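Report on the following structure.
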Amino acid sequence: MPDSVISRGFSGKRRAPESAERVPPGQYVTYDFPVFSAGPTPRSPLADWTFRVEGLVGEPVSWTWDEFLRLPVQSYVADIHCVTKWSKLDTRWEGVGVDRLLESVANTLAELGIRSERIRTERFGPTGATG
């Protein structure tokens, strides 16, 4: 007689004991980035690349690739939990912050109608979020 009526496929892979506190139920840890693609990755010549902030702003702003690379960079480390059931722990991110880009079109985020809030992170135990 089976110990459980829930199939192994429904409950997901087992979490490693050393990461169980950091990985939500049903997720598994990966050490790379799984890539799901329906075809080849498009390539854009960097000479043609631009990034624009436009719309509900006073004056639109754009950067070429070289200009974008000269913007101040920030870095941080975070855990990623994907809806496709994988988690990547201690992922190092580096890039230009959105607040830096928006500073180019307004003196304050409030001027754009944007409210900045600190994001509350949750830790996960064997039964789900623990606060």
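The values are calculated or read from the model by the stated rules, or taken from the named source; none is laboratory data. Every value quoted in this text rests on a predicted model; they were computed, and no experiment measured them. In this analysis, Cβ positions are derived from the backbone assuming ideal geometry, glycine residues included, and neighbour counts consider all displayed protein chains.
A few points about this structure:
- Single residue of segment 84-114 satisfying the filter (modelled with pLDDT of 90 or more and aliphatic (A, V, I, L, M)) that is farthest from the chain's Cα centre (by Cα): Val96
- Of all residues in segment 69-84, those that are more than 15 Å from Val29 (Cβ to Cβ), surrounded by fewer than 10 Cβ atoms within 10 Å (Cβ to Cβ) and of a type in the set (Ser, Thr, Tyr) total 1.
- Test: residue in segment 32-43 that is under 22 Å from Ala20 (Cα atoms), surrounded by 10 or more Cβ atoms within 10 Å (Cβ to Cβ), out of contact with any helix residue (DSSP H, G or I) (no Cβ under 9 Å at 6 or more places or on another chain) and modelled with pLDDT of 75 or more: yes
- Cross-chain or 6+ apart pairs with Cβ under 6 Å, segment 62-73 first and more than 15 Å from Pro45 (Cβ to Cβ), then loosely packed, with under 14 Cβ neighbours inside 10 Å and of a type in the set (Ser, Thr, Tyr): Ser62/Thr50
- Pairs with Cβ under 6 Å, 6+ apart, first in segment 27-50 and under 28 Å from Asp79 (Cα atoms), second surrounded by 10 or more Cβ atoms within 10 Å (Cβ to Cβ) and among the hydroxyl-bearing types (Ser, Thr, Tyr): Gln27/Ser87; Val29/Ser19; Val29/Ser87
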